[in-house]
Amino acid sequence: MSNTTQATNAALMARRRAAIPRGVGQSHEVFITKGENAEVWDVEGRRYIDFAGGIAVLNTGHRHPEIIAAVKDQLDHYTHTCFQVLAYEPYVELAERINALAPGNFDKKTFFLSSGAEAVENAIKIARAHTKRSGVIAFTSGYHGRTMMTLGLTGKVVPYKVGFGPFPGEIFHAQFPNALHGVSVDDALASVETIFKNDIEANRVAAIIVEPVQGEGGFNVAPFDFLQRLRALCDQHGILLIADEIQTGAGRTGTWFAIEQSGVAPDLITMAKSMAGGFPISAVVGRAEVMDAPAPGGLGGTYAGSPLGCAAALAVLEIFEKEKLLQRSQALGQRLTRRLQTLAAKHSVIADVRGLGAMVALELCKNGDAHQPDADLTKRLCAEATKQGLILLSCGTYGNVVRILVPLTASDAIVDEGLDMLEAALATALQA
Ligand code: PMP
């Protein structure tokens, strides 16, 4: 009944606090009743522009009419069989479509799950089954999910890992390149070699998993030559390269997969979030012979690849073609970057404006020094933005990065209005 009561945000927050564990965080004390493309309305009737997109899930916006129509049609036929019990064509068709989209001049296979973490878990299972090796290398500041294996892979302790260990063994962290903070591509690759020296021999490493642009870690873009050299290092040692495209995928960066832009073809790719425009489904796509390593029955899940998720994801692919959303992603990225760079020229607290395609962020610092992260200002900016009517999200190892994940379907007018609010919110946050 929550969509029809006259509740206030404050009253609902009180109920939430009493009924739901505090571990389920909430960045904004806002309860919504309606979302449409890049706008949402709360229980008090206030309108907000949504630059968060449900954390990178809404590249096609809230309730895209074609996704809603596809899901409604699916509802009228069947909603659940469990694909391993009774199969259905949309699952197969979606796998075929994703196999054709994934980079690499080799045969591919795809299967589906429900969440991003589940996709990463399964990519590691497949890599171990194929290579018969156990080690996995991930990167500092990386984020891969909240299950035990994916938390082990995640390279940020607070708040994700605190109190939850031990995590599975044989996981090692190499340094992610970060020019702004003094980690060169050479340093990052040397840190992988250091793992081979100090921790585990290369021929016991099954996979290296990398985000082409780190999401939760702060929108740190992996330089293309880093990805290319990582690919070469993997080839040298028979290690599989896994691209975690859960946040970067589905066109966010201007190509369907971000890694396409580097020319690198990973052995496995994980995806989720925006692939189905707000419906829960995730995928692992990869080299056919690698994907076939687990024996029959080794992969799956009750809800994995649900008919509703498949129908929504097929609609998303149609929308991308029809509305030319990859080009839109590039244009939107340029628009956001231009405006944020103008803002950065005015405010020395903005240490960096960066991104790939429409995956854009600004990093905030104290005293014009990039090495003094300003998490407090970031918090104040996000809170002020909410007051202005703009939903912003922070990220970054030091909580000092503001990321923009506005729907690609948002009009320029809405994007500009949101950016005006961001600018006003920053001015107020700086005075506080
Ligand atoms: N990998 C990456 C790169 C992510 O950004 C996320 C979610 N933020 C995940 C994995 C986990 O996805 P989920 O929350 O759907 O389990």
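How do V402, V157 rank by accessible surface area computed with a 1.4 Å probe, from largest to smallest?
V157, V402
Quick check for me: using +1 on Lys/Arg Cβ and -1 on Asp/Glu Cβ, what's the dipole size of the stretch 204-321 about its Cα centre, in debye to the nearest 20? Spell out each step's value before the answer.
Working: 6 positive and 12 negative charges, 37 e Å.
Value, rounded to 20: 180 debye.
Is the chain rounded, prolate or oblate when judged by the Cα gyration tensor, a ≥ b ≥ c being the square roots of its eigenvalues, rounded requiring a/c under 1.5 and prolate requiring a/b larger than b/c? Don't skip to the end; give the middle numbers.
Working: a/c = 1.60, a/b = 1.16, b/c = 1.39.
Oblate, since a/c reaches 1.5 and b/c is not below a/b.
Along the charge dipole of the chain, pointing to its positive end and built from +1/-1 on Cβ of Lys, Arg, Asp and Glu, which listed residue (I195, A276, P103) has its Cα farthest out?
Going by the Cα projections, it comes out as I195.
Does the stretch 185-277 come out rounded, prolate or oblate, given a ≥ b ≥ c as the square roots of the eigenvalues of its C-alpha gyration tensor, rounded meaning a/c under 1.5 and, failing that, prolate meaning a/b above b/c?
prolate
Take H181, H77 and sort them by solvent-accessible surface of the protein heavy atoms, 1.4 Å probe, largest at the top.
If we order H181, H77 from most to least accessible, we get H77, H181.
Within the accessible area of the chain, what % is carbon and sulfur when the probe is 1.4 Å and the other protein chains stay in place?
Answer for the chain is 53 percent, counting heavy atoms of protein chains only.
Pairs of Cα atoms under 8 Å, at least six residues apart: use those to get the relative contact order of the stretch 68-322, whole percent.
Answer for the stretch 68-322 is 29 percent.
With contacts defined as alpha carbon pairs under 8 Å and 6 or more residues apart, what's the relative contact order of the stretch 196-332 in percent?
Relative contact order of the stretch 196-332: 20 percent.
What whole-number value in Å² describes the accessible area per residue of the chain for a 1.4 Å probe?
42
Go through the stretch 74-153 and name the trypsin sites (Lys or Arg not before Pro) that are in a DSSP coil and have 15 or fewer other Cβ atoms within 10 Å of their Cβ. Mind showing how you got there, number by number?
Details: sites: R97, K108, K109, K125, R128, K132, R133, R146; in loops: K132, R133, R146.
Taking the stretch 74-153 and a limit of 15 other Cβ atoms within 10 Å, the loop trypsin sites (Lys or Arg not before Pro) found are K132, R146.
Give the relative contact order (percent, whole number) for the chain; include only Cα pairs under 8 Å separated by 6+ residues.
Details: 894 pairs, mean separation 90.8, N = 432.
Over the chain, the number comes to 21 percent.
Taking a probe of 1.4 angstrom, what is the accessible area of M291 in Å², to the nearest 10?
Near enough 10 Å² of accessible area.
Let me know the charge dipole size of the stretch 68-322 about its Cα centre in debye, to the nearest 20, where only the beta-carbon of Lys, Arg (+1) and Asp, Glu (-1) is charged.
The calculation lands at about 420 debye.
If you count only protein heavy atoms and use a 1.4 Å probe, how large is the accessible surface of E29, to the nearest 10 Å²?
Approximately 110 Å² of E29 is accessible to the 1.4 Å probe.
Given the peptides 234-247, 325-338, arrange them by the average over their residues of other C-beta atoms within 10 Å, most packed first.
Taking the mean over residues of other Cβ atoms within 10 Å, the ranking is 234-247, 325-338.
Using Cα centres only, tell me the gap between the stretch 131-182 and the stretch 234-263 in whole Å.
Cα centroid to Cα centroid, the span is 18 Å.
Note down the magnitude of the dipole of the stretch 1-69 about its Cα centre, charges +1 on Lys and Arg C-beta and -1 on Asp and Glu C-beta and zero elsewhere, to the nearest 20 debye.
Using only the charged Cβ atoms, the result is roughly 340 debye.
Helix-only estimate, please: 222 nm mean residue ellipticity of the chain, summing -39500 (n - 2.57) across DSSP H runs of length 4 or more and dividing by its residues, to the nearest 500.
Only helices count here, giving -12000 deg cm²/dmol.
The values are calculated or read from the model by the stated rules, or taken from the named source; none is laboratory data. Remember, predicted model here, so these are calculated numbers, not experimental data. Positions of Cβ are backbone-derived with ideal geometry, glycine not excepted, and every protein chain shown enters the neighbour counts. These accessible areas exclude ligands, DNA and RNA; they are computed on the full protein's heavy atoms, side chains included. Shrake-Rupley method; radii C 1.70, N 1.55, O 1.52, S 1.80 Å.
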